[in-house]
């Protein structure tokens with residue numbers, strides 16, 4: 001036995017077996033609940049299975065993938081999802097940072113303000129989307145009434161039934177819903193910044209802008225990167241908000257709502273499985289690219 005080697009004792013071996021026994025149920029649960037359905041989906045994507053009779057299907061190779069990659073509706077759904085993701089994540093980061101800076105200041109009623117700011121995030125997504133659907137209604141919605149009274153628009157607009165306006169409305173609802181989550185993450189990072197750094201910056205003559213650039217932003221940047229990753233992955237899989245507001249119509253069809261239409265409305269299980277896997281690959285590629293950029297930044301810093 002080499003000098004650097006270590007032979008496990010009986011106690012260590014028992015502990016290792018006990019640890020493996022504790023981890024085994026969790027691994028089995030992951031295998032049953034995640035990996036097995038994933039493998040089943042992979043198999044179905046190479047078949048012509050129908051939802052009405054999933055057992056009666058035949059192997060068709062890559063036909064579903066070739067058809068899907070040439071499908072203009074799927075391409076449009078991908079573009080719409082990317083547009084939604086880029087706009088909503090950017091706005092959520094900007095508004096979340098501003099809200100976090102506001103909630104970090106010292107003033108009377110700050111606790112109540114923090115609690116009120118979290119209300120949109122606490123409301124279930126389906127409920128908040130339904131509330132916004134009522135408010136944006138072109139006949140009895142309060143949004144049109146409010147804007148007409150302020151003379152910002154001349155007549156009521158069909159916010160959820162006009163191409164362009166519909167996607168913008170979905171983005172507004174998502175930003176309103178998720179900005180408090182971003183603000184909460186950033187607020188935690190702000191509270192971890194030592195006050196001595198700000199005092200030193202003031203002594204050096206740094207103004208508010210320079211303190212933000214050289215003190216606040218470097219300490220908040222890691223949290224911002226994590227928040228961008230979480231929100232990007234979530235936005236790429238957007239379904240419930242769009243489904244409640246527009247059902248994917250008027251230029252708001254996302255990859256997830258299109259996939260749901262294939263599986264439920266058209267009952268095309270094989271084609272829908274191929275779409276699901278392509279969405280999985282797209283989200284995975286974005287995640288991997290982001291993690292590589294994040295790792296490269298960590299190496300540089």
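Of all the residues in the stretch 32-51, those that are under 9 Å from residue 269 (Cβ atoms) and either out of contact with any helix residue (DSSP H, G or I) (no Cβ under 8 Å at 6 or more places or on another chain) or part of a helix (DSSP H, G or I) (or both) number 1.
All of 92, 73 fail the test of being within 22 Å of residue 239 (Cβ to Cβ), surrounded by 14 or more Cβ atoms within 10 Å (Cβ to Cβ) and touching a helix residue (DSSP H, G or I) at 6+ places or on another chain (Cβ under 8 Å), apart from 92.
Among the helices (runs of 4 or more DSSP H) confined to the stretch 199-301, the ones with at least 1 residues that are more than 26 Å from residue 78 (Cβ to Cβ) and within 23 Å of the chain's Cα centre (by Cα) are located at 217-236, 269-300. Since residue 160 meets every condition but one in (1) in a helix (DSSP H, G or I); (2) in contact with a helix residue (DSSP H, G or I) (Cβ under 6 Å, 6 or more places away or on another chain), which condition does it not meet? All conditions are met except number (1). When residue 102 is tested against (1) surrounded by 15 or more Cβ atoms within 10 Å (Cβ to Cβ); (2) in contact (Cβ under 8 Å) with a residue 24 or more places away in the chain, just one condition goes unmet, and that condition is (2). Quick check: is even one residue across the stretch 170-183 over 17 Å from residue 234 (Cβ atoms), at pLDDT 90 or above and either buried (at least 19 other Cβ atoms within 10 Å of the Cβ) or under 26 Å from the mean Cα position of the chain (by Cα) (or both)? Checked the stretch 170-183: no residue is over 17 Å from residue 234 (Cβ atoms), at pLDDT 90 or above and either buried (at least 19 other Cβ atoms within 10 Å of the Cβ) or under 26 Å from the mean Cα position of the chain (by Cα) (or both). Scanning the stretch 123-144 for residues that are in a helix (DSSP H, G or I), touching a residue at least 12 places away in the same chain (Cβ under 8 Å) and either within 26 Å of the chain's Cα centre (by Cα) or within 15 Å of residue 245 (Cβ to Cβ) (or both) returns 125, 126, 128, 129, 130, 132, 133, 143.
For residue 66, the criteria (1) part of a helix (DSSP H, G or I); (2) in contact with a helix residue (DSSP H, G or I) (Cβ under 9 Å, 6 or more places away or on another chain); (3) within 30 Å of residue 247 (Cβ to Cβ) hold in every case but one, which is (2).
The values are calculated or read from the model by the stated rules, or taken from the named source; none is laboratory data. Just so you know, these numbers come straight off a predicted model, no measurement behind them. Glycine also receives a Cβ, built like all others from the backbone with ideal geometry; neighbour counts cover every protein chain displayed.
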